[in-house]
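Trainee: My questions all concern the structure below.
The values are calculated or read from the model by the stated rules, or taken from the named source; none is laboratory data. Computed from a predicted structure; not experimentally measured. Here the Cβ positions follow ideal geometry from the backbone for every residue, glycine too, while neighbour counts run over all protein chains shown.
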């Protein structure tokens with residue numbers, strides 16, 4: 001196979017950006033994606049089979065056949081999971097990755113999120129750390145992501161976010177009814193509500209039209225292509241450069257290394273299941289936190305007996321997502337107007353600065369309300385079945401508001417991805433084995449956040465509220481999965497450096513949510529994108545300095 | 001204007017569902033083997049009784065009238081193949097409880113007695129009860145594509161526009177305030 005400059009593994013949020021940045025800079029790129037390329041016509045508004053509500057399977061991969069994972073709980077009990085089951089901690093497997101079907105909240109983390117240890121100190125038993133980069137380092141790349149991917153919204157209502165040079169490129173969508181109910185209540189409480197930043201066209205942008213405001217948003221591809229992911233922005237640009245070849249339904253097997261310990265290429269199974277080797281100068285792993293870690297661990301050789309980049313047993317550790325808590329408020333009038341995408345209003349007053357808590361989280365109204373989502377979210381006195389349940393569904397469906405948010409998760413080193421010693425996938429490769437727990441301080445923060453959501457809903461006029469707060473056992477990762485290839489200056493305490501380069505292999509990079517030192521109190525995708533732009537810029541600079549050509 | 005449209009929509013819907021309900025009864029239960037892909041006729045009759053206790057008819061159709069049995073039957077040959085044994089055992093158990101307490105199979109006893117049997121099932125076999133409850137609610141409130149929620153009856157019941165309105169972005173921008 002003809003040698004190329006770079007192989008990028010995974011065409012998701014980060015991989016799409018890396019492929020675009022490298023190919024536009026003149027490098028020849030092969031972009032490998034294990035899933036297919038879906039289009040807007042594959043939207044299929046199926047309430048039971050999409051990427052968020054998956055009782056009948058995942059709409060955008062992986063398929064339930066041949067792609068298991070294993071989890072181990074605190075008692076040591078093992079379980080095998082199908083991709084459409086919650087314990088699998090799935091994201092997606094397709095061109096665009098999670099960005100094809102996400103809710104598209106496109107948040108910047110706050111300056112403090114990059115300096116958690118310095119701000120709060122590390123709680124006992126945690127691996128809380130500072131990032132080796134600051135908000136100011138990342139700011140230009142946040143802006144680049146907002147403009148190239150396309151983000152609508154308006155931060156002007158909140159004083160809590162870091163400085164920015166330019167406003168978002170698109171105004172927010174017109175408010176839905178929940179916005180009008182929640183906004184004055186938040187202001188009465190002295191809070192600072194504002195329009196959620198979203199990678200969704202509110203006006204024509206980038207040659208595509210605006211959101212048509214249907215209720216099938218998060219979990220679905222967009223029927224009118226108004227939701228902005230890598231599949232309809234950077235990946236088409238990469239392909240148009242003439243320097244990037246996208247190979248879909250190709251599953252990476254391992255990063256191949258030479259006798260000097262440098263990467264020489266990537267072995268992968270092509271669409272017909274045949275093993276191929278693509279030689280290259282640079283390998284970029286962008287397969288999402290769980291699969292990136294698994295690929296590095298599966299890339300074993302004489303010089304890397306425990307997997308590439310894993311000299312100090314750091315690959316796969318610090319797996320984290322978000323612990324979601326909040327509340328549902330029930331009202332005596334219609335609060336739901338069925339105007340999508342749903343989420344419209346947020347506060348970031350509680351992300352930092354609460355005495356006794358290491359961080360906090362953003363709170364926002366809920367993003368989607370398919371009827372099936374309501375069946376177990378009725379007022380607490382409602383029966384679980386029978387006429388009473390049916391009547392409660394009818395009475396409550398349009399008369400409730402859910403406020404919740406991603407609590408800052410306190411990372412621990414023993415929440416991790418390893419390789420399962422026995423279970424294999426359909427290609428015969430060891431699957432990811434997920435073990436460990438959420439740090440208990442996360443639950444302390446989550447409980448306070450749930451009470452705050454409750455107070456906001458009560459101020460807005462809710463007659464009754466139900467708190468959504470639990471202490472899940474096991475890790476949280478899922479679509480917000482992060483942390484498994486931590487970025488840091490110390491090669492013994494991290495996997496990659498500040499440029500996302502593996503510490504002891506100069507031509508292998510991990511660029512995706514894996515490198516997040518912590519995951520902020522916000523949806524992580526815009527940070528994944530900003531880091532991808534930043535790391536790509538550094539990679540291109542190294543390339544031009546010929547440090548990477550072999 | 002919105003209220004008027006709602007009333008009309010609801011009346012049309014009642015007519016449509018009445019017709020649909022009849023179709024279920026005459027279509028699915030009269031032919032040999034009931035036309036089921038997986039369920040035996042006897043099991044289908046028991047399952048119908050269970051599902052219709054979970055979602056009974058009122059002004060709006062019951063679970064079976066909305067096609068929930070079709071939904072479950074189909075998925076037992078597809079995504080829920082792994083639950084076949086649980087269904088066979090659970091339905092057998094429901095029928096047995098009914099015979100022990102009321103001297104007849106679940107399909108033949110009164111609605112009150114069926115309710116008592118399903119309550120007993122919930123206590124005695126919560127695993128199966130939770131499964132069939134979840135599947136019944138999925139069939140009723142999920143996408144009509146899979147055979148349940150016929151004519152989107154549950155969505156209309158909840159007051160959702162069906163088919164959904166399109167092009168609302170412009171409409172809302174003009175409106176500028178909540179209705």
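Trainee: (1) assigned to a helix (DSSP H, G or I); (2) out of contact with any helix residue (DSSP H, G or I) (no Cβ under 7 Å at 6 or more places or on another chain): which one isn't true of residue A:456, the others all being true?
Mentor: That leaves (2) as the condition not met.
Trainee: Residue B:79 fails exactly one of the following numbered conditions: (1) over 22 Å from residue A:389 (Cα atoms); (2) under 20 Å from the mean Cα position of the chain (by Cα); (3) assigned to a helix (DSSP H, G or I). What is the number of that condition?
Mentor: (3)
Trainee: Just name the residue that is farthest from the chain's Cα centre (by Cα) out of those in the range A:134-156 that are assigned to a loop (DSSP other than H, G, I, E, B) and crowded, with 18+ Cβ neighbours inside 10 Å.
Mentor: A:155
Okay, residues lined up against (1) over 30 Å from residue A:255 (Cα atoms); (2) at pLDDT 95 or above; (3) more than 14 Å from chain B (Cβ to nearest Cβ); (4) assigned to a helix (DSSP H, G or I):
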| position | (1), (2), (3), (4) |
| --- | --- |
| A:309 | no, yes, yes, no |
| A:312 | no, yes, yes, no |
| A:315 | no, yes, yes, no |
| A:325 | yes, yes, yes, no |
| A:329 | yes, yes, yes, no |
| A:339 | yes, no, no, no |
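Trainee: Quick check on the range A:176-191. Is at least one of its residues at the interface with another protein chain (Cβ under 9 Å from one of its Cβ atoms), surrounded by fewer than 19 Cβ atoms within 10 Å (Cβ to Cβ), free of Cβ contacts under 8 Å to residues at least 40 places away in the same chain and under 18 Å from residue A:404 (Cα atoms)?
Mentor: Yes: one or more hits.
Trainee: Continuing with the same structure: Just to be sure, is residue A:446 under 27 Å from residue A:183 (Cβ atoms), within 22 Å of the chain's Cα centre (by Cα) and either part of a helix (DSSP H, G or I) or within 14 Å of chain B (Cβ to nearest Cβ) (or both)?
Mentor: yes
Trainee: Select from the range B:114-169 the residues that are assigned to a loop (DSSP other than H, G, I, E, B), out of contact with any helix residue (DSSP H, G or I) (no Cβ under 7 Å at 6 or more places or on another chain) and either facing another protein chain (nearest Cβ under 9 Å) or surrounded by 17 or more Cβ atoms within 10 Å (Cβ to Cβ) (or both) and list them in ascending order.
Mentor: B:143, B:159, B:160, B:161, B:164, B:165, B:166, B:167
Trainee: Considering only the range A:341-428, give the strands (runs of 3 or more DSSP E) lying wholly within it that have at least 3 residues that are within 27 Å of the chain's Cα centre (by Cα) and either within 11 Å of chain B (Cβ to nearest Cβ) or buried (at least 23 other Cβ atoms within 10 Å of the Cβ) (or both).
Mentor: A:345-347, A:363-365, A:400-407
Trainee: Output the number of the condition that residue A:127 fails; it satisfies all remaining conditions of (1) touching a strand residue (DSSP E or B) at 6+ places or on another chain (Cβ under 7 Å); (2) crowded, with 20+ Cβ neighbours inside 10 Å; (3) part of a loop (DSSP other than H, G, I, E, B).
Mentor: (1)
Trainee: Answer with yes or no whether residue A:469 is away from chain B (no Cβ under 14 Å) and either within 21 Å of residue B:155 (Cβ to Cβ) or at pLDDT below 95 (or both).
Mentor: Yes.
Trainee: Might you check whether a residue that is out of contact with any strand residue (DSSP E or B) (no Cβ under 8 Å at 6 or more places or on another chain), within 14 Å of chain B (Cβ to nearest Cβ), buried (at least 17 other Cβ atoms within 10 Å of the Cβ) and not in a strand (DSSP E or B) occurs anywhere in the range A:431-440?
Mentor: no
Trainee: Another one. Give me the pairs, please: first residue somewhere in the range B:75-92 and within 22 Å of residue B:143 (Cβ to Cβ), second residue anywhere and modelled with pLDDT under 95 and surrounded by 15 or more Cβ atoms within 10 Å (Cβ to Cβ), beta-carbon distance under 6 Å, and either six or more positions apart or on two chains.
Mentor: Qualifying pairs under 6 Å: B:76/B:38; B:77/B:38.
Trainee: Continuing with the same structure: Could you pull out the residue among B:104, B:45 that is part of a helix (DSSP H, G or I) and more than 14 Å from every other protein chain (Cβ to nearest Cβ)?
Mentor: That would be B:45, the only listed residue that is part of a helix (DSSP H, G or I) and more than 14 Å from every other protein chain (Cβ to nearest Cβ).
Trainee: Conditions: (1) outside the structural domain of residue A:365 (by TED's automatic domain parsing); (2) within 30 Å of residue A:401 (Cα to Cα); (3) in contact with a strand residue (DSSP E or B) (Cβ under 6 Å, 6 or more places away or on another chain). Residue A:146 meets all but one. Number of the miss?
Mentor: Here residue A:146 clears every test but (3).
Trainee: Residues A:307, A:329, A:342: which one is touching a helix residue (DSSP H, G or I) at 6+ places or on another chain (Cβ under 9 Å) and either in the same structural domain as residue A:12 (by TED's automatic domain parsing) or without any contact (Cβ under 8 Å) to a residue 12 or more places away in the chain (or both)?
Mentor: None of the other options fit; the residue is A:307.
Trainee: Mind listing whichever residues of the range A:417-456 are on the phi > 0 side of the Ramachandran plot and free of Cβ contacts under 8 Å to residues at least 60 places away in the same chain?
Mentor: Result: A:428, single match.
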